[in-house]
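Trainee: To start, I am sharing the structure in question, which I have written as structure tokens.
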Amino acid sequence: MSQPQSAGPPDPGGRRTAWREGLDRLKAGATTEPGRLRIIGAALAALLVGFGAVTAWQVADRAAAADAVVRRSQPLSADAADIYRSLADADTTAAGGFLAGGQEPRAVRQRYEKDITLASELLTKAAADTDDTDPAGREVAKLNEQLPVYTGLVETARANNRQGLPLGGAYLRYASDRMREELLPAARALYETETGRLGHDYDDAESWPWAALATGVVALGALGWAQRRNYLRTNRVFNHGLLTATAGATVVLLWLVAAHAWSRADLTDSFEHGAKPLQVLNEARITSLQARGDENLTLVARGAVLTAAGEDAYETSYRKGMKELVGSETADPAKGTLLDRARSLADGSGGREPVAKAIEAVHEWQQRHAEARAADDSGYYDQALPKVIGEKDSTGEYFDRVDTELRRALAHEQDDFRHSADDGRGALTGLAAGAAVLAVLGAAGAVLGIGRRLSEYR
Amino acid sequence: MRRRMRGSAVAGAAAAAVCALTVAVAVAVPPAGGTTGHPAVRPAARADAVAADCTDPEAGLRPQTVDGPAVQRIKDRGRLIAGVDQNSYRWGYRDPASRELNGFDIDLVHAIAKALLGDPDKVSFLAIPTNQRIPAVQKGKVDIIVRTMTISCDRIKQVAFSTAYFETGQQLLAPKGSPITAYDDSLRGKAVCAAKGSTAEGQLKKDSHGASVLTVPNQLDCLVRLQLGQVDAVLTDSALAAGQAAQDPSVRLVGKPFTTESYGVAMNLKDEDLVRRVNAVLEDYRRGGDGSPWMTAYRKWLAADLKGITAPPEPKYRD
């Protein structure tokens, strides 16, 4: 049809004449009514097909992004959170088992091994999903490299400890330092990268398909104009072909707006009530794990490591963790702390109840921690130890309770997320194909409608 | 004895300064258990003279067994509060299996508790980190510190020491078969580990013999780094190095100790009666030749890795 004739170097002679000829024919055609009708018919058909194509393309993009949220980025972000958590848990458990010495309970040993196995499995999986060039891949490579170093150090610590050598404690502290300085920051970076990707996929899925909406409005406008022109020239109100085309385009446009708005609402819901609380809860869980690890290491290190201010480094780190979790030692978490945020993000009793219980358990934990510290500080290590690693009434019991409740809350939010995200993805089902079919139908209608008018000139 | 005869006028002035301080306190707080008698009125000297003219920080106060306010305080409490290390193998460490504190320092604390309270187990052991030893004594958090603590001119301004109960010196620890032979040029291009803030770190800062230096929070961390191949040698005092060698049969002490340092029991400057009492305990602890409690403890904890000691260090007195 109308071909761009500007720009470009002069064409060779033969083609120039062909060009000129076509253009002349078009100009000549536009001066007669049948010629004009042909041009209008072709333009309408092109607009409608274009509208269908742009809609199908943009919707498919958003559906793919919504799919990526559900199938790829959220599971990857959840895996990264599991890697992060299982590493922190392994470190905490290793220190706890170390304190029990030769009588390390079987369950503790198994928990450590389960953590390491889970982390290695997830890291193998993550290594397959990423490559060295992207930032997540680099963190995964670093973790894969450092994890065996860490477990080796823990085993050396254990072997020395079993022989009654204080060197074991020094090894454990070194292992824990590696965990805190190398592994956990890498796991955290991986988690943040994957969570960032999740946010990116959310944005992609939620962005309005402006191009499709604009072409739709232009197509409907053109159809309206063509019908008005038809009415003014022939005094006939309806042209069936053009009417069909208008109906088709209207349906596609309304479907597009409704389905996208619906999907967007569901996805936003899955983010607000799923992904966001999941992030806060994951962070709270890892912070509580580290605080527990600090508590254990305070007893392992026995004053061997100090801060610049001369305080015990591990006790200081424990207090910092507690501050991030709940703020002060009052029963109610301070504003902006992790558990306060988790509480305000939680919805429904299924979400709120475990967080409330976790908050209670943290409070109990802090009180028992103070008792254990007081005993150790007064030289009663024998009394402090069962207060920390004992089965009943120990800080360990309340830490376990915190961990269990946060795990429950995470499971609840994971469910919430899954439902909303599935709904959001479902809302776009069939829209791309439907838009294509209806647009083609509309284009056919427009061509037939104009063809009917043209036949009147034969 | 020998040392006192040799004592110069300078040392006399230094001692006088310390005495003046303790006397001042003794006058302010009358002893509960009668007179201490011994340190009579002496000419006062300026306190900073101690530091400026310190030549013999090991010289301590003569033994005395009369109860003063500090001893009485411990007796009233019924427990001795001792600051110790829990991480120094063979000196003060907690056995992971028995969870009991053990070691040469710990045995000495038990002996002091027995002398003061009649029961070696009437002790509360507090784990005191290296850099908290002096504040813990000054704040009265502990009665005594028995924690491989070197007697030095700087420290005698801040705390009172017993007579020396162990003699040691800076020495290198290296793997068997290492080309490092002593604290000399064989260190060139090697990596040496020292605890942060230790005498060894200061020594390496002064002269590292071309070695690079890695500092870690605790001397035992050095053995970890040595085993992992991150450093080639460890510099610490021979007593602690022996504790490290005892945990790893593949490392050994190399060269000779190239400084001389003595460990003392640290107490508050005000607790003069306690200082004298502990010195009396140490006299008994050293007495008895080869069968003395000191030699028994030496053989039990240290002889395997710190060979060649035949007798405890001779006490020196300044009054």
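The values are calculated or read from the model by the stated rules, or taken from the named source; none is laboratory data. Treat the numbers as computed from the prediction; the structure is a model and nothing was measured. Quick reminder, even Gly has a Cβ in these numbers, built from the backbone with ideal geometry, and neighbours come from all protein chains shown.
Trainee: Can you tell me how many residues within the stretch B:132-155 are away from every other protein chain (no Cβ under 13 Å), of a type in the set (Val, Ile, Thr) and in a helix (DSSP H, G or I)?
Mentor: 1
Trainee: When you go through (1) within 27 Å of B:Val142 (Cα to Cα); (2) out of contact with any Phe, Trp or Tyr (no Cβ under 7 Å at 6 or more places or on another chain) one by one for B:Trp301, which number turns out not to apply?
Mentor: Evaluating B:Trp301 over (1) within 27 Å of B:Val142 (Cα to Cα); (2) out of contact with any Phe, Trp or Tyr (no Cβ under 7 Å at 6 or more places or on another chain) leaves (2) as the failure.
Trainee: Now, a different point. I'd like the residue in the stretch B:197-214 that is surrounded by fewer than 16 Cβ atoms within 10 Å (Cβ to Cβ) and within 22 Å of the chain's Cα centre (by Cα) and, out of all such residues, is nearest to A:Ala301 (Cα to Cα).
Mentor: My answer is B:Gly197.
Trainee: Within the stretch A:394-404, is even one residue buried (at least 21 other Cβ atoms within 10 Å of the Cβ) and within 12 Å of chain B (Cβ to nearest Cβ)? Break it down into steps so the answer makes sense when it comes.
Mentor: Taking the stretch A:394-404 as the starting set, the residues that turn out to be buried (at least 21 other Cβ atoms within 10 Å of the Cβ) are A:395-396, A:398-399, A:402.
Checking which are within 12 Å of chain B (Cβ to nearest Cβ) leaves us with none.
There is no residue in the stretch A:394-404 that is buried (at least 21 other Cβ atoms within 10 Å of the Cβ) and within 12 Å of chain B (Cβ to nearest Cβ).
Trainee: Hey, another quick one. Criterion first (of a type outside the set (Ser, Thr, Tyr) and closer than 30 Å to A:Gln103 by Cβ) does B:Ile74 satisfy it? Outline the logic, then answer.
Mentor: Working: of a type outside the set (Ser, Thr, Tyr): yes; closer than 30 Å to A:Gln103 by Cβ: no.
No, not satisfied.
Trainee: Within the set of pairs 6+ apart or on separate chains, which have a first residue in the stretch A:370-381 that is loosely packed, with under 14 Cβ neighbours inside 10 Å, a second that is charged (D, E, K, R), and C-beta atoms under 9 Å apart?
Mentor: Partner pairs satisfying both residue conditions: A:Ala370/A:Glu329.
Trainee: When you look at A:Ala107, is it part of a helix (DSSP H, G or I), away from chain B (no Cβ under 12 Å) and not β-branched (Val, Ile, Thr), yes or no?
Mentor: Yes; evaluated as a whole, the condition is true for this residue.
Trainee: A follow-up question, please. Quickly run through the stretch A:346-367 and pick out the residues that are of a type outside the set (Asp, Glu) and surrounded by fewer than 19 Cβ atoms within 10 Å (Cβ to Cβ). First the steps, then the outcome.
Mentor: The first filter runs over the stretch A:346-367 and keeps only residues of a type outside the set (Asp, Glu), leaving A:346, A:348-352, A:354-359, A:361-363, A:365-367.
Within the stretch A:346-367, A:Gly348, A:Ser349, A:Gly350, A:Arg352, A:Ala356, A:Lys357, A:His363, A:Gln367 meet the criteria.
Trainee: Of the conditions (1) more than 25 Å from B:Val254 (Cβ to Cβ); (2) touching a residue at least 12 places away in the same chain (Cβ under 8 Å), B:Gly291 clears all except one; give me its number.
Mentor: (2)
Trainee: Here is a follow-up. Anything in the stretch A:155-197 that is within 12 Å of chain B (Cβ to nearest Cβ), crowded, with 21+ Cβ neighbours inside 10 Å and of a type in the set (A, V, I, L, M, F, W, C)? List them, or say none.
Mentor: A:Ala157, A:Leu165, A:Leu167, A:Ala170, A:Leu172, A:Ala175
Trainee: Among the residues of the stretch B:85-131, which ones are within 15 Å of B:Ile145 (Cα to Cα), in a loop (DSSP other than H, G, I, E, B) and more than 7 Å from chain A (Cβ to nearest Cβ)?
Mentor: Matches in the stretch B:85-131: B:Asp85, B:Trp91, B:Gly103.
Trainee: Right, something else. Within the stretch A:38-82, track down each residue that is over 14 Å from A:Glu206 (Cβ atoms) and of a type in the set (D, E, K, R). Outline the logic, then answer.
Mentor: Of the stretch A:38-82, the ones over 14 Å from A:Glu206 (Cβ atoms) are A:38-57, A:60, A:71-72, A:74-82.
Passing the criteria: A:Arg38, A:Arg71, A:Arg72, A:Asp79, A:Asp82.
Trainee: Could you figure out which of (1) closer than 30 Å to B:Asp85 by Cβ; (2) surrounded by fewer than 23 Cβ atoms within 10 Å (Cβ to Cβ) isn't true of A:Tyr314?
Mentor: Only one criterion in (1) closer than 30 Å to B:Asp85 by Cβ; (2) surrounded by fewer than 23 Cβ atoms within 10 Å (Cβ to Cβ) is unmet by A:Tyr314, namely (2).
Trainee: What are the residues in the stretch A:110-135 that are closer than 24 Å to A:Tyr174 by Cβ and either within 14 Å of chain B (Cβ to nearest Cβ) or touching a Gly at 6+ places or on another chain (Cβ under 8 Å) (or both), if any?
Mentor: A:Tyr112
Trainee: Let me ask another. Which condition breaks for A:Ala436 when tested against (1) farther than 18 Å from A:Val252 by Cβ; (2) under 39 Å from the mean Cα position of the chain (by Cα)?
Mentor: Unmet for A:Ala436, out of (1) farther than 18 Å from A:Val252 by Cβ; (2) under 39 Å from the mean Cα position of the chain (by Cα): (1).
Trainee: Something else now. Let me spell it out: the conditions are (1) in contact with a Phe, Trp or Tyr (Cβ under 8 Å, 6 or more places away or on another chain); (2) within 14 Å of chain B (Cβ to nearest Cβ); (3) of a type outside the set (A, V, I, L, M, F, W, C), and A:Tyr202 meets all of them except one. Which number is the exception?
Mentor: (2)
Trainee: Give me the strands (runs of 3 or more DSSP E) completely within the stretch B:162-268, filtered to those with at least 3 residues that are away from chain A (no Cβ under 14 Å) and within 30 Å of B:Val71 (Cα to Cα), ordered by residue number. Full working, then the answer.
Mentor: Working: elements: B:166-168, B:170-175, B:191-195, B:212-216, B:233-237, B:251-254, B:261-263.
Filter on the stretch B:162-268 gives B:166-168, B:261-263.
Trainee: Any residue in the stretch A:214-231 that is modelled with pLDDT under 90 and buried (at least 16 other Cβ atoms within 10 Å of the Cβ)?
Mentor: yes
Trainee: Go through the residues of the stretch A:323-345 one by one and say whether even a single one is surrounded by fewer than 24 Cβ atoms within 10 Å (Cβ to Cβ), within 14 Å of another protein chain (Cβ to nearest Cβ) and not in a helix (DSSP H, G or I).
Mentor: Scanning the stretch A:323-345, I find no residue that is surrounded by fewer than 24 Cβ atoms within 10 Å (Cβ to Cβ), within 14 Å of another protein chain (Cβ to nearest Cβ) and not in a helix (DSSP H, G or I), so the answer is no.
Trainee: Regarding the stretch A:303-318, can at least one residue be identified that is within 22 Å of A:Ser86 (Cα to Cα), more than 14 Å from chain B (Cβ to nearest Cβ) and in a helix (DSSP H, G or I)? Please lay out each step first, then the result.
Mentor: Our first condition is that a residue be within 22 Å of A:Ser86 (Cα to Cα); within the stretch A:303-318, this holds for A:314, A:317-318.
Still in the running and more than 14 Å from chain B (Cβ to nearest Cβ): A:318.
With in a helix (DSSP H, G or I) added as a condition, the list becomes A:318.
Yes, because at least one residue in the stretch A:303-318 is within 22 Å of A:Ser86 (Cα to Cα), more than 14 Å from chain B (Cβ to nearest Cβ) and in a helix (DSSP H, G or I).
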